[in-house]
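Just below is one structure, and these are the notes that go with it.
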Amino acid sequence: MSRKTKRPRGPAAKPVAVVPDASDDVSILLPNINVTIAGTLLTVREFTLDDSLTLHAELKPIITSLADVMQSEYPGFEAVMDVLAQHAHSLPLLLARSCDQPSEWVRGLPASEGSTLIDVFWTANRRFFMSTAIRQVTIRAALKKPSVSAESSPR
């Protein structure tokens, strides 16, 4: 269940984000976050299966970059922002899909509002990205290990 956001009173008002109530199981499973960006009340949502399949071409390089970073450590905020910046050409489309706005609207946001949208987007979609990257790291590690049958077979 979300809490209501306060509408900004003027153009200088700061964006207000409402994080889902962690005691609500639905909020944990589908974390929608309400935020006002550029005077527009948005609901930023986690990607669905349909989103992940439809946006596969845009998502795959980002997830691969996250998996690369995770080879040495679990990425912190700065490492994640570096990965997202490396894929700046895809980011407006992903942000737009997550908040149901046109990508042109996202591209036209002032930097401060865009940064807030990126932060909220990451909060809503962190689990999606990290679980997919962890899956890729796990598969890479499994492919590097020799199989049990290969180790036991005569040469």
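The values are calculated or read from the model by the stated rules, or taken from the named source; none is laboratory data. This one's a predicted model, so the numbers in the text were calculated from it and none came from an experiment. Positions of Cβ are generated from backbone atoms using ideal geometry, with glycine treated the same way; all protein chains shown enter the neighbour counts. What goes into the accessible areas is simple: the full protein's heavy atoms, side chains included, and nothing from ligands, DNA or RNA. Shrake-Rupley method; radii C 1.70, N 1.55, O 1.52, S 1.80 Å.
Table for the structure above
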| quantity | calculated |
| --- | --- |
| Neighbours by Cβ (under 6 Å, 6+ apart or cross-chain): first from segment 130-143, farther than 13 Å from ILE62 by Cα; second at pLDDT 90 or above | VAL137/ALA67 |
| Residue count, segment 50-73 (criterion: of a type in the set (A, V, I, L, M) and within 13 Å of PHE128 (Cβ to Cβ)) | 6 |
| Selected residue (criterion: least open to solvent (accessible area, probe 1.4 Å)) from residues of segment 44-60 that are over 13 Å from the mean Cα position of the chain (by Cα) and within 22 Å of ILE139 (Cα to Cα) | ALA57 |
| Only one of ALA38, ALA85 that is surrounded by 14 or more Cβ atoms within 10 Å (Cβ to Cβ) and not polar (S, T, N, Q) | ALA38 |
| Boolean, LEU91 is modelled with pLDDT of 95 or more and among the hydrophobic types (A, V, I, L, M, F, W, C) | yes |
| Elements of type helices (runs of 4 or more DSSP H) in segment 74-152, at least 2 residues being more than 22 Å from THR40 (Cβ to Cβ) | 77-86, 111-144, 148-152 |
| Pair list, Cβ under 7 Å, 6 or more apart: segment 102-124 residue more than 13 Å from ALA88 (Cβ to Cβ), other residue polar (S, T, N, Q) and at pLDDT 95 or above | PHE121/SER98; ALA124/SER98 |
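Matching residues to (1) within 14 Å of the chain's Cα centre (by Cα); (2) modelled with pLDDT of 90 or more; (3) surrounded by 11 or more Cβ atoms within 10 Å (Cβ to Cβ):
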| site | (1), (2), (3) |
| --- | --- |
| TRP105 | no, yes, yes |
| LEU109 | no, yes, yes |
| ARG126 | yes, yes, yes |
| ALA133 | yes, yes, yes |
| GLN136 | no, yes, yes |
| ILE139 | no, yes, yes |
| PRO146 | no, no, no |
